[in-house]
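What follows is a short report on a single structure.
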Amino acid sequence: MIFAFARPLHGLVLVALLAASAAGGLDQAQARASRHHAVQGPKINPAYADIVVDDNSGQVLHEANPDEPRHPASLTKIMTLYLLFEQLEAGALKLDAQLPVSAKAAQQHPTRLGLKANASITVEDAIGGIVTRSANDAAVVVSEAIGGSEEEFAKLMTEKARELGMENTTYVNASGLPADEQITTARDQAILGRAIRERFPTYYPVFSTLSFRYHGVDIRNHNSLLGHVEGVDGIKTGYTEASGYNLVSSVHRSDRYLVAVVLGERSNSARDERMRGLIEECIRQASTQRTAPTVLQASGRDGQKAGAAAGATGGFVPASVSSRPVRENFEE
């Protein structure tokens, strides 16, 4: 079944199971922006880590330094969206709810949508900007709407990480912009990748979005494996100088399911090539039968702290799919 957001994304819907075109240029833009505006601590060579988990069995099929602390960079936004999806699922927020843009959100470093202070953005557009451009300003808008402040929202993110069994992850912001205290591990990111797909089957497909139109501009997804590696259906890239090039991937081939994490590679191309190799190496080993328990754990915070827009309306409905390639490429 194909789903899209109820209100079309200015003529281009966010849809499930869209093929995506290569978008390495945007990741490079994100990298340059991070170097110029937000270098984290001393210049270091990030250490490499990875893990591949069979989502059917829960078995680890490959790992390298899976429990060593690393900086998540924009993988942080997976948890930001997890908490937002909880609000949508609970009905506390709706897709067409207008979220206010604070001065803090408007001042975030690239990559960003270019939101203006005292303006607003819909939940739907915030999701689109986070998934495709990895927009830091949109992530802060979401955090303030749900948590009251980004700092309080980060506490909710860390609490959720503990509920999911992510024992070695701490969040201090919603975007993944550099912060020494913001750490995770490859194993914890695999837990989160599995959990968000299992918990939110209706919302998860946005991670396979080809492109998103915002204010007349088509924004392509950073994840260049979408549509180029069989079965990849998401989920998120990330980069800062201290983290290196990160990627969490979800793969579905026939009855086999993998979640794979690469942290700390030296470039977009090296990260993508490493992920391709891990997927091809491990997919043949994956089980075709579901035996693993769900990652999900009950949350006492579903539906709480909905923010100012809780009364709006929205929802998912079937929609037609547009898969035309997007030619524009944008750099901050």
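Below 8 Å between Cα atoms, with a sequence gap of 6+, how large is the relative contact order for the range 58-167 in percent?
Working: 121 pairs, mean separation 25.1, N = 110.
Once divided by the residue count of the range 58-167, the mean separation gives 23 percent.
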_Ranked order, HIS222, HIS215 - accessible area, probe 1.4 Å, largest first_ = HIS215, HIS222
*Tell me, what ³J(HN,Hα) does each residue in the range 236-242 have, in order and in whole Hz, if you take phi through Karplus 6.51 cos²θ - 1.76 cosθ + 1.60 with θ = phi - 60° and put x for Gly and Pro?*
7, 9, x, 8, 9, 4, 6
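Using a/c under 1.5 as the rounded threshold, could you call the range 196-292 rounded, prolate or oblate? The axes a ≥ b ≥ c are square roots of the C-alpha gyration tensor eigenvalues, and prolate needs a/b larger than b/c, oblate otherwise. Let's see the in-between values first.
On the way: a/c = 1.94, a/b = 1.22, b/c = 1.60.
Note, shape of the range 196-292 comes out oblate.
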*Mind running the shape call on the range 101-257? Use the C-alpha gyration tensor, a ≥ b ≥ c as the square roots of the eigenvalues: rounded below 1.5 for a/c, prolate if a/b tops b/c, oblate otherwise.*
oblate
*Which value, in Å² rounded to 10, gives the accessible area of GLU273 with a 1.4 Å probe and all protein chains present?*
110 Å²
*Return the sequence-ordered ³J(HN,Hα) values of the range 142-148 in whole Hz as given by the Karplus equation 6.51 cos²θ - 1.76 cosθ + 1.60 applied to θ = phi - 60°, using x for Gly and Pro.*
4, 4, 6, 5, 8, x, x
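The values are calculated or read from the model by the stated rules, or taken from the named source; none is laboratory data. Just so you know, these numbers come straight off a predicted model, no measurement behind them. Note: areas computed on protein heavy atoms with side chains; ligands, DNA, RNA excluded. Shrake-Rupley method; radii C 1.70, N 1.55, O 1.52, S 1.80 Å.
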